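The next block holds one structure in the form of structure tokens; read it before the comments.
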Amino acid sequence: MALPLMPKATAVWLIDNTMLSFRQIAEFCGLHPLAIQGMADGEVDQNIVGLDPVANSQLTRAEIERCEKHADANLVLRESAIPIQRQKKGARYTPVSKRQDRPAAIAWILRHHPELTDAQIRRLLGTTKDTINKIRERTHWNMTNIKPTDPVSLGICTQTELAALVTEAADRRRKMVAEKPDLIPAPEVTHSTPSAAGRLSAEAAIASAALGIGKPKEESKEDEPTVDSVFGKSD
């Protein structure tokens, strides 16, 4: 149930300016009836200045009169006074107790999900581009002590939030490939299956080895120089 702005100040004004019961005021302001009774007796929150809910458009005079006539009725806050929750843009807020864990979470994301952009990492972990670059380039002041850790286990984000960003990155890559197929990286060359030219070269090498082609010619012992051949045979 939505509550009025400054519930205690609103309760003080209703006590002083209406004939509403303690229960009705307590229900509208989200307080206990005994707390309302303490305010009325001057025993609780004596220095609070009353706030007129009619003047700030949280109640109408007709609504107050309706509840004054029916003790069982409850005051209803005007719809225009109910704050609308809007999603905040930009980096998320990270509790102080979790901020020291962010470098480890960034290192884990860079290792396991390199497809995520810096903007996505900033939005997910509530960090800055400068910190991401320092960890990527290993120039962070505490780099030696940073151990990549799953941000979900650290409590910085939820598994659903992480999975949503990974899916978003995968969809973006598929779209880019569909629009520009020339940008698909060439497959890595593997050496598990030799090419035809390689097989022919290997077969030629085996044949040459069998025929003795390419081997250095062994010198015959008969061609080796001797004392007699150099100086002639002595009689």
statement: Picked from region 46-79 (must be charged (D, E, K, R) and under 17 Å from ALA2 (Cβ atoms)), the residue modelled with the highest pLDDT is GLU63
message: Exactly one condition in (1) surrounded by 14 or more Cβ atoms within 10 Å (Cβ to Cβ); (2) at pLDDT 90 or above; (3) hydrophobic (A, V, I, L, M, F, W, C) is false for MET19; which is it?
response: (1)
query: When you scan region 13-35, how many residues do you find that are of a type in the set (Val, Ile, Thr) and either without any contact (Cβ under 8 Å) to a residue 12 or more places away in the chain or farther than 20 Å from VAL76 by Cβ (or both)?
result: 0
message: Just the residues that are exposed (fewer than 12 other Cβ atoms within 10 Å of the Cβ) and among the hydroxyl-bearing types (Ser, Thr, Tyr), please, taken from region 140-152.
response: THR144
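For (1) in contact with a strand residue (DSSP E or B) (Cβ under 6 Å, 6 or more places away or on another chain); (2) β-branched (Val, Ile, Thr); (3) assigned to a helix (DSSP H, G or I), each residue gets a yes or a no:
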{"residue": "LEU20", "(1), (2), (3)": "no, no, no"}
{"residue": "GLN24", "(1), (2), (3)": "no, no, yes"}
{"residue": "GLU27", "(1), (2), (3)": "no, no, yes"}
{"residue": "ALA35", "(1), (2), (3)": "no, no, yes"}
{"residue": "GLY42", "(1), (2), (3)": "no, no, no"}
{"residue": "ASP45", "(1), (2), (3)": "no, no, no"}
{"residue": "LEU51", "(1), (2), (3)": "no, no, no"}
{"residue": "ALA55", "(1), (2), (3)": "no, no, no"}
{"residue": "ILE64", "(1), (2), (3)": "no, yes, yes"}
message: Name the single residue that is farthest from the chain's Cα centre (by Cα) among those in region 36-57 being in contact (Cβ under 8 Å) with a residue 24 or more places away in the chain and surrounded by fewer than 18 Cβ atoms within 10 Å (Cβ to Cβ).
response: ALA40
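The values are calculated or read from the model by the stated rules, or taken from the named source; none is laboratory data. The structure displayed is predicted, hence computed values, not measured ones. Neighbour counts run over all protein chains shown; Cβ positions are idealised from the backbone, glycine included.
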